[in-house]
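One structure is given below, encoded as structure tokens.
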Amino acid sequence: MKVLIHETQATAVDCVAGLFAERLVKQPDTVLGLATGGTMEAVYARLIALHQAGQMSMAQARSFNLDEYVGLRPDHPCSYWYYMREKLFAHVDMRPENTFLPCGDAADPEAEADRYEAAIVGAGDIGLQLLGLGANGHIGFNEPTSSLASHTRIKTLTHSTRDANARYFDSFDDVPRLAITMGIGTIMRAQEIVLLAFGEGKAEVVAKMIEGPVSAACPASVLQMHRKVTVVIDEAAASKLSLRDYYEAVHPEVRAPK
Ligand code: GLP
């Protein structure tokens, strides 16, 4: 696990956008795994800026999002379909037919989850996966105690996750109880993973993810078993790491860019 500790959120965001753009330059037809949440908004804004500056094209890429709420139509303003259109797809040269999310309003959500998993496998699995981090250690919507080998399926959201996402809805009760999410096994098949987290509120879970035991109690800790993960965090999110000095010594260029 490569741990890059940035002085600020802004440079952490630039770093993630830079890794993303670099991969697309190297391999324009990369299969991208995309994430939602507040953390990713700044990354997508940066990617749009790179695209507008002619430094990044997504025209040949395909993308699969991590998750979607069960019961929300793609045009529902709180759906992740809507989020992706607003925050990224409408502003870059991604072809709509190459962007995929689970259909939250599918008549049979379980069948939809199976179909989505098969579509990811059919695309040759994810090349570059972007991840945020839930305060309870979830990745995608894989809540604590999720099987570390799971495939795309329906998950029941915890009270704390619904609470954390209630800010996007009119009320807590409007937050769906179920979501379709890529499984942890699905995510682990990605060739490369970049996880971004910032702020003091994530410090404890960041420490568990990087230095804690690998455990379904903190799903993100499974990333310790992945061959190519880069964790990009700011100082606030790094504040509870025991080996912080070590990570900073390994990557001094992060704090003093050339
Ligand atoms: C949601 C998403 C996750 C995301 C998490 C963190 O629950 N399903 O993919 O990582 O929120 O969100 P935020 O970036 O807003 O803290």
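Here, each number is a calculation from the coordinates, and none is a lab measurement. Just so we're clear, the structure is a prediction, and the values are computed from it rather than from any experiment. Cβ placement follows ideal geometry from the backbone for every residue including glycine, while neighbour counts extend to all protein chains displayed.
Here are a few things to note about the model shown:
- Working note: Karplus 6.51/-1.76/1.60 with θ = phi - 60° gives the range 44-56 the couplings 5, 4, 5, 5, 4, 4, 4, 5, 5, 7, x, 9, 7 Hz, where Gly and Pro are set to x.
- Database remark: amide H of His6 closer than 5 angstrom to the amide H of Ile233, Asp234, Glu235 (H placed geometrically; neighbours at sequence offset of 5 or more, or on other chains; Pro and chain starts carry no H).
- With R₀ fixed at 41 Å, the C-beta to C-beta distance from Gln60 to Arg167 puts the FRET efficiency at about 0.70.
- All distinct Cα pairs of the range 2-254 go into the 1/r average, and the inverse of that average, the Kirkwood radius, is 18.2 Å.
- Candidates Pro213, Pro74, Pro144: whichever shows maximal mean-square fluctuation once the chain is modelled as a Gaussian network with Cα springs under 10 Å: Pro213
- Dipole magnitude for the range 2-254: about 440 debye, using +1 per Lys or Arg Cβ and -1 per Asp or Glu Cβ, origin at the Cα centre.
- In percent, rounded to a whole number, the relative contact order of the chain is 25, using alpha-carbon pairs under 8 Å and six or more apart.
- Protection proxy ranking of 221-227, 133-139 - average other beta-carbon atoms within 10 Å, highest first: 133-139, 221-227
- About its Cα centre, the dipole of the range 29-170 is roughly 360 debye, where the only charges are +1 on Lys and Arg Cβ and -1 on Asp and Glu Cβ.
- Residues whose placed amide H lies under 5 Å from that of Gln129, excluding near-sequence neighbours: Gly33, Glu192, Ile193, Val194
- Hz values of 3J(HN,Hα) by residue in the range 63-73 - Karplus curve (6.51, -1.76, 1.60), Gly and Pro given as x: 9, 10, 7, 5, 7, 7, 6, 6, x, 9, 6
- Looking at the chain alone, DSSP beta bridges between its own residues are antiparallel in about 30 percent of cases.
- For Ser147, Ser57, the sequence from fewest to most other C-beta atoms within 10 Å is Ser147, Ser57.
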